[in-house]
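Colleague: Okay, here's the structure, questions in a sec.
The values are calculated or read from the model by the stated rules, or taken from the named source; none is laboratory data. Computed from a predicted structure; not experimentally measured. Quick reminder, even Gly has a Cβ in these numbers, built from the backbone with ideal geometry, and neighbours come from all protein chains shown. Please note that ligands, DNA and RNA were not included when accessible areas were found on the heavy atoms of the full protein model with its side chains. Shrake-Rupley method; radii C 1.70, N 1.55, O 1.52, S 1.80 Å.
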Amino acid sequence: MVTITIEEREFIEGTIKECKECFAGMIDTDGLPYVIPMNFGYKDDVVYLHSGPEGTAVRSLESNPSICITFCTPSEITHQHEEVACSYRVQGSSVICRGKVTFVEDFDEKVEILDILMAQYTDRPFKYSDPAVRNVKIWKIPVDKVTGKIFGVPYKESHHFKKD
Ligand SMILES: Cc1cc2nc3c(=O)[nH]c(=O)nc-3n(C[C@H](O)[C@H](O)[C@H](O)COP(=O)(O)OP(=O)(O)OC[C@H]3O[C@@H](n4cnc5c(N)ncnc54)[C@H](O)[C@@H]3O)c2cc1C
């Protein structure tokens, strides 16, 4: 990934850490946009996803590996005046990562990545059965471009950056 300042890295990694799911956008085999919610893992500028071995998403990415992954923290609703509609704001932080998917085939690397995925959700250690590891499709996405934004705060406090 490109060089980013520590403040920006903290924002990106803090936002991603707060999320429980992401939205993975791709181009399907008809050339149309296709976006699905997914669980994820993240470590050292790489996003990891996992799925069953087949399906629309896997077929789409085999034909075009470009992917756009959006993370959005749980949002909060605030208002300045309860009776004024345009003073209502939904506040949240989001990060968009772009890259290309490769599917990991190596057994030991798959296990390491399953640990990264589980670490997003729990500190508990896990063991995985051999068939489970063989059957799971592991998506590896080194992040080529990343942008972040805080949404819904007053303009002077807003924060928007783009690095690519
Ligand atoms: C919070 C959350 C987390 C999830 N995490 C994961 C994950 O980590 N890994 C994983 O593999 N799946 C996860 N899913 C399910 C995922 O969103 C897809 O449904 C699943 O991966 C199947 O995708 P597919 O492209 O193979 O669909 P297919 O089985 O090929 O789907 C056939 C058709 O069903 C429709 N469809 C598929 N998925 C959805 C959907 N989510 N919502 C509405 N319509 C749909 C589409 O129109 C698609 O063309 C998660 C879902 C949720 C809600």
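Colleague: Of the numbered conditions (1) crowded, with 16+ Cβ neighbours inside 10 Å; (2) at pLDDT below 90; (3) within 18 Å of Pro37 (Cα to Cα), Ser75 fails exactly one; give the number of that condition.
Modeller: Here Ser75 meets the rest and fails (1).
Colleague: Which residue pairs have Cβ atoms under 8 Å apart, sit 6 or more places apart or on different chains, and have a first residue in the stretch 43-54 that is closer than 16 Å to Val111 by Cα and a second that is modelled with pLDDT of 95 or more and away from the ligand (no atom under 16 Å from the Cβ)?
Modeller: Listed by first residue and then by second, the contacts come to Val46/Pro142; Val46/Val143; Val47/Gly99; Val47/Val143.
Colleague: I'm trying to understand the selection: among the residues of the stretch 54-69, which are open to solvent by 30 Å² or more (accessible area, probe 1.4 Å) and either more than 10 Å from the ligand (Cβ to nearest atom) or under 16 Å from Ile96 (Cβ atoms) (or both)? Even if it seems obvious, please write down each step before you answer.
Modeller: The first filter runs over the stretch 54-69 and keeps only residues open to solvent by 30 Å² or more (accessible area, probe 1.4 Å), leaving 54, 56, 59, 62-66, 68.
Hits for the stretch 54-69 are Glu62, Ser63, Asn64, Pro65, Ser66, Cys68.
Colleague: A further question follows. For the stretch 32-48, which positions are among the hydrophobic types (A, V, I, L, M, F, W, C), more than 6 Å from the ligand (Cβ to nearest atom) and within 23 Å of Asn135 (Cβ to Cβ)?
Modeller: Phe40, Val46, Val47
Colleague: Here's something else I'd like to know. Could you check, for the stretch 12-23, whether at least one of its residues is within 27 Å of Ala132 (Cβ to Cβ), of a type in the set (Val, Ile, Thr) and surrounded by 13 or more Cβ atoms within 10 Å (Cβ to Cβ)?
Modeller: yes
Colleague: Tell me whether the stretch 25-33 contains one or more residues that are assigned to a strand (DSSP E or B) and at pLDDT below 95. First the steps, then the outcome.
Modeller: Initial filter on the stretch 25-33 (assigned to a strand (DSSP E or B)): 25-27, 33.
Add one more test, that the residue is at pLDDT below 95, and what stays is none.
No: zero hits.
Colleague: Same structure again: Going by what's in this entry, would Phe11 be described as in contact with a strand residue (DSSP E or B) (Cβ under 6 Å, 6 or more places away or on another chain), of a type in the set (Phe, Trp, Tyr) and away from the ligand (no atom under 13 Å from the Cβ)? Show your work before the answer.
Modeller: Numbers: in contact with a strand residue (DSSP E or B) (Cβ under 6 Å, 6 or more places away or on another chain): yes; of a type in the set (Phe, Trp, Tyr): yes; away from the ligand (no atom under 13 Å from the Cβ): yes.
For Phe11, the condition - in contact with a strand residue (DSSP E or B) (Cβ under 6 Å, 6 or more places away or on another chain), of a type in the set (Phe, Trp, Tyr) and away from the ligand (no atom under 13 Å from the Cβ) - is met.
Colleague: Return the total of residues in the stretch 53-93 being touching a Cys at 6+ places or on another chain (Cβ under 9 Å) and over 17 Å from Ile141 (Cβ atoms).
Modeller: So the count comes out to 5.
Colleague: If you check every pair at least six apart or on different chains, which have Cβ atoms under 7 Å apart with a residue in the stretch 94-118 that is over 24 Å from Glu8 (Cβ atoms) first and a residue that is of a type in the set (Ser, Thr, Tyr) second?
Modeller: Val111/Tyr128; Ile113/Tyr48; Leu114/Tyr128; Leu117/Tyr48
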